[in-house]
Amino acid sequence: MKFSFPVISLLLWLLPQISSAQSEALLDSIERHNTTLAALRQNTEAAMAGNRSELRLSDPEAEVGYLFGTPKGIPNRVNLSVTQPLDWGVLTGRKRNLARAADRVARASYAVQRQSILAEASRLLTMAVYYNRLCAELAVRTATAEELRAACEEKFAQGDLNQMELNKVRLNATVAQAALQRARAEQNVVCADLQKLNGGRPIVCNDTAYADYPLPALADLLRHVEERHPLVDASKAAVTQSEEQLRVARTENWPTLNVGFAGEYIKGNNYSGLTVGMSVPLWGNSRAKLKQRRAEAVAEQLSLADVQAQLTADVRREFADALSLFNTAALLDAQIAATANAGLLARALKEGQLSLLDYLPELSFYYEARTAQLEAERDAQLAAASLRSYLR
């Protein structure tokens, strides 16, 4: 049986693809327009403003009393007092250091959220490229299946094809079309998720080739994670804050002073002068708070060590997975490039060397291998994107 229909080459994926290298620009757009990050930036500014609100002494207190003298003839008396509480934490500058440490915690908290959102954006951009590649591949498969169906309809009308063969060809075309529609639906979901991350603004990723980023070196990753990862920065900031809170708690354990002016004014007799008051840390409330701050400082140190250990373990595991996935993808690339039979199958069918019922299973096997290759590339790129997110 010979077929004269034109065959669309299934080897288009071998042609060089040029990436628009737009991933970085899209990530920048998402960082600018993401509504969650915008709210977090505002919250960070508000938190830092709140941290600075405790850096001044409390307002002075003034009191005036007018006392009527009794019995009749005793002169009235006017009492006047102005007092200013002294805060050792403010006077020694320790509360200012605490405010700076709290500012660092706020900024680190924002950086953690930023890193998480950009990591999700990078994952979605990788998935967008994957679906661009997959949909292009499935479009070629669908066009080829439709051409085969049209040719077989003509052969069937001429009596050169039986009903069973025609039914298989029709089903093959329907399955190809369904696969393309499903892939496009999943592609739309990814685009919608990217648009949501971009603050609702439309975002377009037309790349059909992954950005050519080298896999980060493990030593660089580990060094960066241990020193500069947002979670590590946040833990270090929390350690510094707990240490400053401990220093402030020590000042609160000192006797509190109040200085002021007091006056008593009676007709013919006036008394005025400076006053000094002192609180006596008698019942141990300050000592209990100091003990609490010491425990919190130790806990934050342990938390920092745990975060560094967990991140280091995660990086080592993800790096090993990425290497394995890239090796798998490279192996499939090499094998498919060396054994691609799509063109041979089409030529054999056209020249009558292969029956239609043998051609379809062979073509399906090739499709499965090609799909596996696309998925392996996707998984490898997702692993690489996850590793790169540690460096942001």
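General remarks:
- Rolling a 1.4 Å probe over the protein heavy atoms gives the chain an accessible area of 56 Å² per residue.
- By accessible area with a 1.4 Å probe, ligands and nucleic acids excluded, highest first: order of HIS33, HIS229, HIS224: HIS33, HIS224, HIS229
- Globularity ratio of region 167-276, using Cα Rg and 2.2 N^0.38 Å: 2.70
- A helix-only calculation puts the chain at -24000 deg cm²/dmol for mean residue ellipticity at 222 nm, using -39500 (n - 2.57) for each DSSP H run of at least four residues, averaged over all residues.
- The angle between the Cα long axis of helix 94-157 and the main principal axis of the chain comes to about 10°, on a 0 to 90 degree scale.
- Its convex hull of Cα atoms gives the chain a direction-averaged projected area, equal to a quarter of the hull surface, of 31.9 nm².
- For the chain, the longest principal axis of the Cα atoms and the long axis of helix 218-228 meet at an angle of about 30 degrees.
- Here the gap between ALA299 and GLN84, fully extended at 0.36 nm per residue and compared with their Cα-Cα distance, gives a gain of 73.7 nm.
- Once the Cα gyration tensor of region 107-240 is diagonalised, semi-axes √(5λ) in Å: 51, 16, 11
- Each Cα pair of region 13-138 feeds into the Kirkwood radius, which the Stokes-Einstein equation turns, at 20 °C and 1.002 mPa s, into a diffusion coefficient of 103 µm²/s.
- Using a Gaussian network model of the chain in which every pair of alpha carbons under 10 angstrom is joined by a spring, one finds that among ALA380, ALA217, ALA145 the greatest mean-square fluctuation is at ALA217.
- Stretching ASN188 away from ALA288 to a fully extended chain increases their span by 30.2 nm, per 0.36 nm per residue minus the current alpha-carbon distance.
- Computed over Cα pairs, the Kirkwood radius of region 81-130 leads via Stokes-Einstein (0.692 mPa s, 37 °C) to a diffusion coefficient of 226 µm² per second.
- Amide H to amide H, with H built 1.01 Å from N, VAL259 comes under 5 Å of GLN84, LEU86, GLY277, counting only residues 5 or more places away or on other chains.
- For a straight C-alpha distance cut-off of 16 angstrom, the aspartates and glutamates reachable from LYS95 (same-chain residues fewer than eight places away being disregarded) are GLU54, ASP87, ASP103, GLU243, GLU244, GLU252.
- Solvent-accessible area of ARG52 with every protein chain in place, 1.4 Å probe, in Å² to the nearest 10: 120 Å²
- Distance between region 295-323 and region 361-392 - C-alpha centres, whole angstrom: 29 Å
The values are calculated or read from the model by the stated rules, or taken from the named source; none is laboratory data. These figures come from a predicted structure and were not determined experimentally. Surface accessibility is based on the protein's heavy atoms, side chains included, excluding ligands, DNA and RNA. Shrake-Rupley method; radii C 1.70, N 1.55, O 1.52, S 1.80 Å.
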